[in-house]
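Below is one structure, written out as structure tokens; comments come after it.
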Amino acid sequence: MIQVDLTGQVAVVTGAAQGIGEVILSRLLEAGASVVAIDLKAGDKCGFDQNRYLFIQSDVSDFDAAKEVVNRVLERFGRLDILVANAGINRDQVLWKMTKENWADVINVDLGGAFNYFAAASSAMKQQNSGKLIAISSINGLRGKFGQTNYSAAKAGVIGLVKAAAKELGKYSIRVNAVAPGFILTEMTDKMPEKYRNMAIEETVLKKAGKPEDIANAVLFLASDLSSHITGEVIKVDGGQYI
Amino acid sequence: MRFLGKTAFVTGATRGIGKATAKLLLQNDIKVIIGYAHSDKLAEEIVKNASENGKQATAAKIDLSDTASIEKSLKELIDKVGTIDYLVNNAGIAEDGLLLVSSSDKIIRTINTNLVASMTVTKFVLKGMIKKRFGSIVNMSSIVGEDGNAGQTAYAASKAGIIGFTKALAKEVASRNIRVNAIAPGFIQTDMTGVLSENDKNKIANRIPLNRLGKPEDVANLALFLLSEEANYITGDTIRIDGGLHL
């Protein structure tokens, strides 16, 4: 592995109880960071070094709760260096059948959650004159996806958020980027009927699904000084599914 | 070390981004072929330096703008070196000037050196990668290839061409476990941007959200990431590294 050393840095990962978030959490811990995991309920993994790990139960779509979480992080660890807005849900449905709840839930968690945590974290990072904000978008935010007008809109919105925030925060040495995964094997995609999973794999040029580790690798790269001149950018990790 | 036993070919490796990339690959125990056109002395220095540090570098003099001799030189190189695992198509020139006063020679020279040569080099290196079913290729585009820049129509065309080439090739060779990506640097401190006045450089830095020009080492880090197994699920992508200038 390319060695990434994040010793002394403090990270927050939302949606860290499972899937991509859980692997990002593990990799950040391995790289030496202290990590605060946010989710609706705790994940199954345990045995993390309690000096460098904290779980806070919170709903990312709650703006005020996000501010409180960041305050708790600052109280416990004294700083905040890396924020990974990963929490996401999908409520697939064709547009003409989509309920207002399907729409609102996805927008509030996937886009609202990213905004809430970017906003809360950026205040702390501004004081430090350093920080990294990373959002998990999706190739479906770069292209449209059948059955995902809500998800595509939210994930595209995340990209707009990243670019505008990058422009605002660059002068404080805060970098803001996104990773756009393609088809990754997680609990979210496990629920898909096999026919659709196979179709997704067929779309890739590498003819395989991605793993959460592939996304975590890109996140670690963006969280480290290896990417110190990259901001406002979206890195696709999709096996060539959307070229 | 993970990269042990791997060989990389970096074009334009005696200066700027190419030099920093070659240096970083060598530090990671990758054998590096230093591609260069003119300066024997600079190439020899890099090879000597590598050897003194227990690393392996070989110099390969190939003039990428010489369409007549390039295929012969490449064939000789591949015959000598064997398989190449990593290719960084970095060599490039920029002869700025408004289109109205650009000679067709200049236009053709820019497109040949920056785009056609990258494709020719890739063609020769690809055979070995396909046989081995392993390879990772990084092509050097530019933010100018995506956004344009007054005074750089030929350069922009060549760099935009690199993006199209990258995407098409990624689709062609994915089934052979070969990944192809591009890097689009913004303003990086090299001889190419060295021609700008201090005043102009400061003006540019002020337009960049991160308030500084990039360093060749920044681009080298991204190149290494894209070549490495950490990027095993990344292909057909172009990543901008510009301090946010494009925003």
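Under 8 Å between Cβ atoms, which residue pairs at least 6 apart in sequence (or on different chains) link something in the stretch B:146-171 that is free of Cβ contacts under 8 Å to residues at least 40 places away in the same chain and farther than 12 Å from B:VAL116 by Cα with a partner that is of a type in the set (A, V, I, L, M) and assigned to a helix (DSSP H, G or I)?
Within 8 Å, the pairs are B:GLY148/B:ALA156; B:ASN149/B:ALA156; B:ALA156/B:VAL144.
Just checking, how many residues over the stretch A:76-122 are under 28 Å from A:LYS167 (Cα atoms) and of a type in the set (Lys, Arg)?
1
Tell me, yes or no, whether the stretch A:188-205 has at least one residue that is closer than 25 Å to B:LEU210 by Cα, buried (at least 17 other Cβ atoms within 10 Å of the Cβ) and either touching a helix residue (DSSP H, G or I) at 6+ places or on another chain (Cβ under 7 Å) or facing chain B (nearest Cβ under 9 Å) (or both).
Here is the first cut: in the stretch A:188-205, the ones closer than 25 Å to B:LEU210 by Cα are none.
Looking for residues that are closer than 25 Å to B:LEU210 by Cα, buried (at least 17 other Cβ atoms within 10 Å of the Cβ) and either touching a helix residue (DSSP H, G or I) at 6+ places or on another chain (Cβ under 7 Å) or facing chain B (nearest Cβ under 9 Å) (or both), one finds none in the stretch A:188-205, hence no.
I'd like the full set of residues that are of a type in the set (A, V, I, L, M, F, W, C) and surrounded by fewer than 17 Cβ atoms within 10 Å (Cβ to Cβ), limited to the stretch A:36-56.
Applying the first criterion (of a type in the set (A, V, I, L, M, F, W, C)) to the stretch A:36-56 yields A:36-38, A:40, A:42, A:46, A:48, A:54-56.
The answer is A:LEU40, A:ALA42, A:CYS46, A:PHE48.
Going by what's in this entry, would A:PRO181 be described as at negative phi and either facing chain B (nearest Cβ under 9 Å) or free of Cβ contacts under 8 Å to residues at least 12 places away in the same chain (or both)? Can you show your working first?
Values: at negative phi: yes; either facing chain B (nearest Cβ under 9 Å) or free of Cβ contacts under 8 Å to residues at least 12 places away in the same chain (or both): yes.
So A:PRO181 fits the description; yes.
Need at least 1 residues that are within 13 Å of chain A (Cβ to nearest Cβ) per element, so show me which helices (runs of 4 or more DSSP H) inside the stretch B:137-247 make the cut, counting only ones lying wholly within it. Working first, answer last.
Numbers: elements: B:143-147, B:153-173, B:191-194, B:198-207, B:216-227.
Qualifying helices (runs of 4 or more DSSP H): B:143-147, B:153-173, B:198-207, B:216-227.
Does at least one position in the stretch A:163-174 carry a residue that is of a type in the set (Val, Ile, Thr) and either assigned to a loop (DSSP other than H, G, I, E, B) or more than 9 Å from chain B (Cβ to nearest Cβ) (or both)? Full working, then the answer.
Pass one, the stretch A:163-174, residues of a type in the set (Val, Ile, Thr): A:174.
The next check asks that each one be either assigned to a loop (DSSP other than H, G, I, E, B) or more than 9 Å from chain B (Cβ to nearest Cβ) (or both); those that pass are A:174.
Checking the stretch A:163-174: at least one residue is of a type in the set (Val, Ile, Thr) and either assigned to a loop (DSSP other than H, G, I, E, B) or more than 9 Å from chain B (Cβ to nearest Cβ) (or both).
From A:ASP59, A:ASP5, grab the single residue that is among the charged types (D, E, K, R), within 14 Å of chain B (Cβ to nearest Cβ), surrounded by fewer than 22 Cβ atoms within 10 Å (Cβ to Cβ) and touching a residue at least 12 places away in the same chain (Cβ under 8 Å).
Testing whether each residue is among the charged types (D, E, K, R), within 14 Å of chain B (Cβ to nearest Cβ), surrounded by fewer than 22 Cβ atoms within 10 Å (Cβ to Cβ) and touching a residue at least 12 places away in the same chain (Cβ under 8 Å) leaves just A:ASP5.
So, restricting to strands (runs of 3 or more DSSP E) that lie completely within the stretch A:8-119, which ones have at least 2 residues that are of a type in the set (Val, Ile, Thr)?
Numbers: elements: A:10-14, A:34-39, A:53-57, A:82-85.
It comes to A:10-14, A:34-39, A:82-85.
So, in the stretch B:129-141, how many residues would count as being out of contact with any helix residue (DSSP H, G or I) (no Cβ under 6 Å at 6 or more places or on another chain) and buried (at least 18 other Cβ atoms within 10 Å of the Cβ)? Walk me through it before giving the result.
Quick first cut of the stretch B:129-141, residues out of contact with any helix residue (DSSP H, G or I) (no Cβ under 6 Å at 6 or more places or on another chain) only: B:129, B:131-132, B:134, B:137, B:140.
This time we only want the ones that are buried (at least 18 other Cβ atoms within 10 Å of the Cβ), so: B:129, B:137, B:140.
Summing the residues that are out of contact with any helix residue (DSSP H, G or I) (no Cβ under 6 Å at 6 or more places or on another chain) and buried (at least 18 other Cβ atoms within 10 Å of the Cβ) in the stretch B:129-141 gives 3.
Checking the condition modelled with pLDDT of 95 or more, in contact with a strand residue (DSSP E or B) (Cβ under 8 Å, 6 or more places away or on another chain) and under 15 Å from A:ALA87 (Cβ atoms), which residue from A:VAL10, A:VAL23, A:VAL35 passes?
Criteria check complete, one pass: A:VAL35.
Is it the case that A:GLY141 is at pLDDT 95 or above, touching a Pro at 6+ places or on another chain (Cβ under 7 Å) and part of a helix (DSSP H, G or I)? Explain how you work it out, then say what you get.
Values: at pLDDT 95 or above: yes; touching a Pro at 6+ places or on another chain (Cβ under 7 Å): no; part of a helix (DSSP H, G or I): yes.
Judged against the criteria, A:GLY141 is not a match.
The values are calculated or read from the model by the stated rules, or taken from the named source; none is laboratory data. Here the structure is a predicted model, which is why all the values come from computation and not from measurement. Don't worry about glycine lacking a Cβ; one is built from the backbone with ideal geometry, like all the others, and counts go over all protein chains shown.
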